[in-house]
Amino acid sequence: MSRRLLAAVALLAAMPWLLPARTAAAAAPAVPESVVTCAECGMSAKVANRFTARIVQGGNTRYFCDIGDLAAFIERTRPKDAAAAVHDFTSGEWIDAGAAFFVIDKKVFSSPMGWGVAAFRDRTVALGTPLDFEALRKALR
């Protein structure tokens, strides 16, 4: 990589507020907490769990023990200017919820609150019929 390109990458990394909200939300927190409280149901959850989700709004981060709880929270509160992230079921990495593909299968995915929802970065590896986030919210109503 050229020095200019490296300098530009370093500058962007040092100023995360320059990144779009969706990209910043999908990135892991600087100091990840290991256990959080779900903003929807109050249950404790491990941040690293593949069903854990989060939403960032106005500099505040709320965590959810289950992707279904994230969908329920959004349906109930209709947050403005928020960015949501979920774990890619395959890799465990945080990804933008708006770009993810979701599969509902309670027999395959034993999620903490029983929603049975898993998220995938890649539609081709989704285990079942993939839904976008809006279709997931409608399906869980």
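What follows is calculated from the coordinates using simple rules that are stated; it is not laboratory data. The model shown is predicted, which means the values in this text are computed figures rather than measured ones. Don't worry about glycine lacking a Cβ; one is built from the backbone with ideal geometry, like all the others, and counts go over all protein chains shown.
What ranking, highest mean first, results for peptides 60-66, 77-83 when packing means the other Cβ atoms within 10 Å averaged over each residue?
Packing proxy ranking, top to bottom: 60-66, 77-83.
Using a Förster distance of 22 angstrom, determine the FRET efficiency expected from the C-beta separation of Lys80 and Glu134, and round it to 0.05.
Calculated value: 0.85.
Which aspartates and glutamates have a Cα less than 15 Å from the Cα of Lys106, not counting those fewer than 8 places away in the same chain?
Within the straight-line cut-off, Lys106 pairs with Asp66, Asp69.
How much length, in nm to one decimal, is gained on full extension between Cys41 and Glu93, taken as 0.36 nm per residue of separation minus their Cα-Cα distance?
16.4 nm
Highest first, please rank the peptides 102-113, 86-97 by the mean number of other Cβ atoms sitting within 10 Å of their residues.
The most tightly packed comes first, giving 86-97, 102-113.
If the reach is capped at under 28 angstrom between alpha carbons, list the lysines near Lys80, excluding any in the same chain fewer than eight residues apart.
Result set, ordered by chain and number: Lys46, Lys138.
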